[in-house]
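Rule-based calculations on the coordinates, nothing more; no lab input. A quick note: this is a predicted structure, and the numbers were derived from the prediction, not measured. So basically every Cβ, Gly included, is an ideal-geometry build from the backbone, and we count neighbours across all protein chains shown.
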Amino acid sequence: MGLRELQQYLRDHRKASTSELQQHFHMDAEALRDILNRLIRKGRVGREDGKLCGGCRSCASEAIEFYEWIQPVRQR
């Protein structure tokens, strides 16, 4: 998986959790975060940490950590 594929996935889906991205690209969370942080620095992607519900605290951080495409989609 490369930078372009990840950008295209986020453009198409607008928002995805780290867990979703791990499943789709078959990569570990840290490798994905490295690529996502590059896109954040370029101003293309934003990060949002979800909030725990306050209950059991059994949600993995990857399930509540979201990345969103923020750069305007170009007209084709």
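Figures for the structure shown
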item	result
Extended-chain gain in nm, criterion 0.36 nm per residue less alpha-carbon gap, residue 4 and residue 25	6.3 nm
Net charge over other residues, Cβ less than 13 angstrom from the Cβ of residue 41 (K, R count +1; D, E count -1)	+4
